[in-house]
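Report on one structure; see the data block that follows.
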Amino acid sequence: MSARVRWGIVGTGGIARRTVGDLQLCDNVELVGICSRDKDRAETFASEHAIPFASADFDEFCTSGQVDAVYIGIPHGLHFDHAARALRAGVHVVCEKPLTMTSAEAEELHRLSRENGVFLMEAMWMKFTPAFRAVTEILGSGTIGEPRLIQAGAGFPVPPDGPARYWVAELGGGALYDLGVYTIALAHAVLGTPDQVIAVGEIREDGVDEQEAYTLRYDSGAVAQLTNSLTAFIPPGGWIGGTRGSITLGEPIFAPRSLRVVTGQPPAPPTVEELDFDQEGAGYVPMFRAASEAILRGDLEHGIHPVSDTVAVLRTLERVRAELVDARNRADQGAQPASLGRPGA
């Protein structure tokens, strides 16, 4: 039998139910545990998915000796505390996006990972999908030339009485950290860290952002135009424009199953290539398989999505958020904004 990593899931909500089957599809994974603060929910989840170990005590779960790694699938605002406790216990961690609510917290988790010799990764499954790996190869080959423009977005209306994780500040609610993490990760993967951030949108007094439109500008002249919303539908797609062609990612952007690659020099007719990709399970299998491979190798992070990428995206999220807060404060004071953004903000 090939080597396997013994995994435990933390949380029994929607994300855990979407990913549990994908963990069980990986030949290098043995799903052995489920942890929830509600013991009945943990035991019910374990029974439904044939998981042998259920616990309501997270620290006991991590020190039980029964799990090698945990997948943390609970609201954003709880990620840092649980990931830190797991790392200190010597347990490998893959945590739902965003890894933490601040870049400083992510850096602290990175330190704990190295101090305790255990693997750490944000569950940015988008970057592990076959389609996104193909995007990386196409860009590297120079097929579409130099990337110069990205447009991407994702949004859907969440009722005011919808899940608390969307609307409660302490749980990390808001469009930016739930959806913007994907659009910004795309921009970073293609163009890198922006030199300027320009943002407008709606952010409440409690800090929960309802929607935003933001532009990431680069000294090279490249631009990423991104949108997110919890109050309106925004097609979850995107495209990359280069000096010789473009790539359109099939929806949804976080798990694309197709690409449309267009190349050519006008006025000649363009060359259009349609690429389709199979999806394993719900789309998380490549990520869980890759994380398990890295853990079995003894790696502390994964080259496709190292912790430094997570930190960089969080810093950009913080810059976008700061623009929204500044604009709200100016509006509260009755002042007209002098500009929509600050160079180097």
At the level of C-alpha centres, the distance separating region 39-54 and region 85-160, in angstrom, is 28 Å
Hey, got the dipole for region 235-306? About the Cα centre, +1 on K and R Cβ, -1 on D and E Cβ, debye to the nearest 20?
200 debye
Stretchable slack from ASP332 to LEU25, in nm (0.36 nm times residue separation minus alpha-carbon distance):
105.3 nm
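Write down the percent of antiparallel bridges among all DSSP beta bridges whose residues are both part of the chain, to the nearest 5.
Numbers: 39 of 66 bridges.
About 60 percent, rounded to the nearest 5.
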Nearest 10 degrees, 0 to 90: what angle lies between the long axis of helix 285-297 and the longest principal axis of the chain (Cα atoms)?
60 degrees
What is the spread of the Cα atoms of region 220-345 along each of their three principal axes, largest first, in whole Å?
53, 52, 32
Of the accessible area of region 1-109, with the probe set at 1.4 angstrom, what percent is carbon plus sulfur?
46 percent
Candidates VAL70, VAL197, VAL168: whichever shows maximal mean-square fluctuation once the chain is modelled as a Gaussian network with Cα springs under 10 Å:
VAL168
Tilt, helix 130-141 to longest principal axis of the chain (alpha-carbon atoms), in degrees rounded to tens, equals 50 degrees
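Classify the chain from the C-alpha gyration tensor, please: rounded if a/c falls under 1.5, else prolate or oblate depending on whether a/b exceeds b/c. Spell out each step's value before the answer.
Details: a/c = 1.88, a/b = 1.31, b/c = 1.44.
Because a/c hits 1.5 or more and a/b fails to exceed b/c, the chain counts as oblate.
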GluC sites (Glu not before Pro) lying in DSSP loop within region 150-242, provided at most 12 other Cβ fall within 10 Å:
GLU205
q = 0.09, 0.16, 0.19, 0.22 Å⁻¹, region 16-154: log10 I(q)/I(0) [Debye, one scatterer per Cα]
-0.35, -0.92, -1.16, -1.38
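With only Lys, Arg, Asp and Glu charged, each at its Cβ (+1 for the first two, -1 for the last two), find how big the charge dipole of region 158-237 is about the Cα centre; round to the nearest 20 debye.
Details: 3 positive and 11 negative charges, 59 e Å.
That gives a dipole near 280 debye.
I'd like to check one number: the per residue accessible area of region 144-203, probe 1.4 Å, reported in Å² as a whole number. Before the final figure, lay out each step's value.
Working: 2070 Å² over 60 residues.
For region 144-203, the solvent-accessible area averages 35 Å² per residue.
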Angle in degrees between helix 79-88 and the longest Cα principal axis of the chain, rounded to the nearest 10:
50 degrees
Using helices alone, I'd like the mean residue ellipticity at 222 nm for the chain: each DSSP H run of four-plus residues gives -39500 (n - 2.57), total over residue count, nearest 500.
-10500 deg cm²/dmol
Say we join alpha carbon atoms closer than 10 Å with springs in a Gaussian network model of the chain; which of ARG315, ARG257, ARG204 then has the biggest fluctuation?
ARG204
Only Cα pairs within less than 10 Å get springs; with that Gaussian network setup on the chain, which residue of PHE132, PHE58, PHE254 has the largest fluctuation?
PHE58
Computed over region 128-210: relative contact order in percent, which uses C-alpha pairs under 8 Å that are six or more apart:
25 percent
Quick note, region 131-191: a/c under 1.5 would make it rounded; otherwise a/b > b/c is prolate and the rest oblate (a ≥ b ≥ c, C-alpha gyration tensor); here it is prolate
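The values are calculated or read from the model by the stated rules, or taken from the named source; none is laboratory data. Keep in mind that this is a model prediction, so the values were computed, not measured. FYI the Cβ positions are ideal-geometry reconstructions off the backbone, even for glycines, and counts take in every protein chain you see. Surface accessibility is based on the protein's heavy atoms, side chains included, excluding ligands, DNA and RNA. Shrake-Rupley method; radii C 1.70, N 1.55, O 1.52, S 1.80 Å.
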